[in-house]
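Novice: Before I ask anything, here is the structure I am working with.
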Amino acid sequence: MIPAVAAGFAVLVAAGARVAAFFAESMMSGVALVGSWLIFAVGLAYAVVRLRPRLGAALLVGFGAGVLIVGFFTGMRMLA
């Protein structure tokens, strides 16, 4: 269950960043929206760490994987 939670949260982080970039009017607002989405996601993962450490650790691993996915696709200019 824990790997599935990590993978699911990675997909959620990447998909949320894609949606935030889609709604951006310009590149600068896109950077701000994606950044705020990532801060929200890591805050959510940290809040779960405080309540359920094993599940929260999986969410933090998923967050890291999601950020790598976002960085990879942004480098390929597929996110914006």
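The values are calculated or read from the model by the stated rules, or taken from the named source; none is laboratory data. Keep in mind that this is a model prediction, so the values were computed, not measured. Cβ atoms come from the backbone with ideal geometry, glycine included; neighbour counts cover every protein chain shown. The area values use the complete protein model at the heavy-atom level, side chains included, leaving out ligands, DNA and RNA. Shrake-Rupley method; radii C 1.70, N 1.55, O 1.52, S 1.80 Å.
Novice: Compute the accessible area per residue over the chain, keeping the other protein chains in place, probe 1.4 Å, unit Å². Walk me through the numbers before you get to the answer.
Specialist: Values: 5320 Å² over 80 residues.
Each residue of the chain exposes 66 Å² on average to a 1.4 Å probe.
Novice: Please determine, in degrees from 0 to 90 and to the nearest 10, the orientation of helix 53-75 with respect to the longest principal axis defined by the Cα atoms of the chain, where the helix direction is its Cα long axis.
Specialist: Roughly 20 degrees, rounded to the nearest 10.
Novice: In nm, to one decimal, how far is the modelled label at residue 46 from the one at residue 19, with both set 7 Å along Cα→Cβ?
Specialist: In this crude label model, residue 46 to residue 19 measures out at 2.3 nm.
Novice: Looking at region 3-46, what % of the alpha carbon pairs are farther apart than 15 Å? Kindly include the intermediate steps, with their values, before the conclusion.
Specialist: Details: 398 of 946 pairs.
Counting every Cα pair in region 3-46, those more than 15 Å apart make up 42 percent.
Novice: Would you compute, for the Cα atoms of the chain, the largest minus smallest coordinate along each principal axis and list the three values in descending order, in whole Å?
Specialist: Projected onto its principal axes, the Cα set of the chain covers 39, 20, 14 Å.
Novice: Only loop residues by DSSP count here, and only those with at most 14 other Cβ atoms within 10 Å; note down the chymotrypsin sites (Phe, Trp or Tyr not before Pro) in region 48-77 that meet that.
Specialist: Nothing satisfies the criteria.
Novice: Under 8 Å for C-alpha pairs, at least 6 residues apart: give me the relative contact order for region 10-80, rounded to a whole percent. Walk me through the intermediate numbers first.
Specialist: On the way: 67 pairs, mean separation 27.8, N = 71.
Here the relative contact order equals 39 percent.
Novice: Now for a separate question. Counting other C-beta atoms within 10 Å, and keeping those with at most 16, which DSSP coil trypsin sites (Lys or Arg not before Pro) do you find in region 4-79?
Specialist: Details: sites: 18, 50, 54, 77; in loops: 77.
Passing both the DSSP loop test and the Cβ count: 77.
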